[in-house]
1. What's the extension gain from residue A:158 to residue A:56 if we count 0.36 nm per residue and subtract their Cα-Cα distance?
2. Please state the relative contact order of chain A as a whole percent: Cα pairs under 8 Å, 6+ residues apart?
3. Report which residues of the stretch A:303-348 become buried by 20 Å² or more of accessible surface when going from the isolated chain to the complete set of protein chains (1.4 Å probe; DNA, RNA and ligands ignored).
4. Write down the accessible area per residue of chain A in Å², having rolled a 1.4 Å probe over the full set of protein chains.
5. Can you give the mean number of other chain Cβ atoms that lie within 10 Å of the Cβ atoms in peptide B:99-106?
6. Taking all protein chains in place and a 1.4 Å probe, what share, in percent, of the accessible surface of the stretch A:24-101 do carbon and sulfur account for?
7. Restricting attention to the stretch B:105-183, which trypsin sites (Lys or Arg not before Pro) occupy a DSSP loop and are surrounded by at most 12 other Cβ atoms within 10 Å?
8. Determine the shielding of peptide A:98-108 by partner chains: average, over its residues, the number of Cβ atoms on other chains within 10 angstrom of each Cβ.
Amino acid sequence: MNLHEYQAKRLFAEHGVPIPDGKVASSPAEARQIARELGGRVVVKSQVHVGGRGKAGGIGLANTPDEAEAQAARILGMDIKGYKVRRVLVDQQAPGIKQEIYLAVLIDRAARRPMIMASAAGGMDIEEVAATTPEKILTVHIEPALGVRGYQATYLASAMDLPRELWRDFHKIVASLYACFQANDASLTEINPLVITGEGKLLALDGKMSIDDNALSRQTRLAEMRDTDEEPPAEREARLSGINFIQLEGNIGCMVNGAGLAMTTMDVIKLFGGDPANFLDIGGGAKAEQVTTALRLILSDPNVKAVLINIFGGITRGDEVARGIIEALAQIDTAVPLIVRLAGTNAKEGMEILAEAKMETAVTLSDAAQKAVAAAKRGAS
Amino acid sequence: MSILVDKNTRLLVQGITGREGTFHTNQMIAYGTNVVGGVTPSKGGQWFEGDDKRVPIFDTVKSAVEATGANASIIFVPARFAVDAIYEAADAGVDLIVCLTEHIPVLDMIAARAYLETRRITLVGPNCPGLLTPGQAKVGIIPGNIAMPGNVGVVSKSGTLTYEVVDALTRRGIGQTTCVGIGGDPISGVSFIDVLQLFEDDPETEQIIMIGEIGGNAEEQAAAYIARNMTKRVTSFIAGRTAPPGRRMGHAGAIVEGGSGTADGKIVALRQAGVTVADHPDQIVDLIG
Ligand SMILES: Nc1ncnc2c1ncn2[C@@H]1O[C@H](COP(=O)(O)OP(=O)(O)OP(=O)(O)O)[C@@H](O)[C@H]1O
Ligand SMILES: [Mg+2]
């Protein structure tokens, strides 16, 4: 789950990372009021779950409350990479920027450890820096039982050539960011940029944070921070039913168990000239109820001309899936053709149930995909 | 021969009285796996009344290992308790732990992995379908009827996609030594490389099928390993060629992964390592035949 910048920075600050004063506004008038409280010189920042906001025009400098109002009026309602701006963060301007630093904690899958990544060349072009001058990206791995050691922060500070008088503060920020990462079950805590201000102090101007979805059950405070506006309604409904669903542009709906097989089913549909309408993984142990929800979600997309259900049973049992399909069809009146393929645990029982209901079935994935592509072509013409 | 599990596997089931634990314990016993005991705290002393066999239940893995001589444990425990179950099995001294549980927090797995590295224990999973050595032992949920004994080793990140491939092999009369689902979580036990090495050293395994998917760089690392160390033929399939790129929040992902992580990047890396990569799973059987 992704957090907004304002939420991330508050959590960083709870752990001792210095951030600018600021507040969230959802109207230009509110932005103006906040700017006045902050002394006029502010930055108005779109709050959306996507990076590169600055380059997309979603960040505006303002030197007076009037300008802040105008910036907020411009930015609110903007579309940034498919995300509509509903709120802006109004932050006090940093008193000058001498340098932009990149600092993040993330998980290095290969090393199976958290990793701190830092660069003296931070800012909006950090990807470019990483691609052209990878030596400017510094990394240290954290031994979970030990946490960040002082020497590791010293290494980063010295390799980045930070002014020595800032090393103590930098140590503290690194330790704080890691503590924040740990305490909140984050998969990413990132500050870009961490600036050296005109007054020679370190200040975190931006904050990005992602939370491990598997930990939300024990991070109840964070679970409540979820911005459901950022999530399409169908995807939200899917999530609440334990279904992994992503809407796409094509016309063949897919219901599959397991993410790998779901992606493969989409790949095979494309290979045979079709176009998937969605990614949908009903997960392990899917019950009839879940299948019903999944089918309803798929059919709620008017583009869908055929549905391919591909279930290979391990924990999920074919007979349960078959019953779920029949149950769902009893509730949903649809003319869209369904092609069903069941295999694995209790597949035989499942196929018998489907045969009785006179449904179109397939034995192999290639066969099922070809039938679905043909059905979608018939439906589209 | 085979790898990791065979007819000498003496298996414990942690979470044997749960819904999935019960269902799949019966399936494993029916397949011929030597299930010697179950563990459900507070139900010690009772019996699991299986369809084909009664199995004693213990309160702890330690007492179960002492009483039964179990050398492997499979975990069907809900996410909240699953990491504890891994530690418990490790402390009780089994050689192999197979964890099927999904949704274990990443930081918990990092700590558990670090702990396991201090001992000689093999962990498969979490969030995986387990292992199957056809004709000998099924330790997990891979449907037994889709596999047959033979000489192809199968290793996969994905659960159901593994079944797809194994099923296609069997329908073509191509048997398997062992099928291993390693799971697709960011942090897990045995990696592609670990399993490739076991297959390379297993005299019965003649060639290997490796099934990967987008994300991370385990496939790229495996490709480098194959180029350097493998003499046996490897055929692969990578899922997610047509998956839309995820939207990124921070910069970290792009900095770390650069161009890797995509299906195309993985396929190129594997082909450069001499691996044949199939366009779709049904094609694998044509490629290896
Ligand atoms: N409070 C502030 N005072 C002065 N300048 C600021 C402030 N906040 C942001 N900036 C400037 O705007 C730039 C972009 O801001 P920020 O990093 O928050 O947005 P961004 O576009 O989300 O970046 P990213 O590319 O990380 O997504 C910063 O690099 C910095 O130069
Ligand atoms: Mg930024």
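The values are calculated or read from the model by the stated rules, or taken from the named source; none is laboratory data. Remember, predicted model here, so these are calculated numbers, not experimental data. Glycine gets a Cβ as well: all are built from the backbone with ideal geometry, and neighbour counts include every protein chain shown. With ligands, DNA and RNA removed, areas are computed over all heavy atoms of the protein, side chains included. Shrake-Rupley method; radii C 1.70, N 1.55, O 1.52, S 1.80 Å.
1. This chain segment gains 33.3 nm when fully extended.
2. Relative CO of chain A lands at 13 percent.
3. Flagged in the stretch A:303-348: A:312, A:314, A:315, A:317, A:341, A:344, A:345.
4. Per residue, chain A has 41 Å² of solvent-accessible surface.
5. Neighbouring Cβ atoms belonging to other protein chains average 5 per residue here.
6. 49 percent
7. In loop regions of the stretch B:105-183 (DSSP not H, G, I, E or B), the sparsely surrounded trypsin sites (Lys or Arg not before Pro) are B:119, B:120.
8. 2
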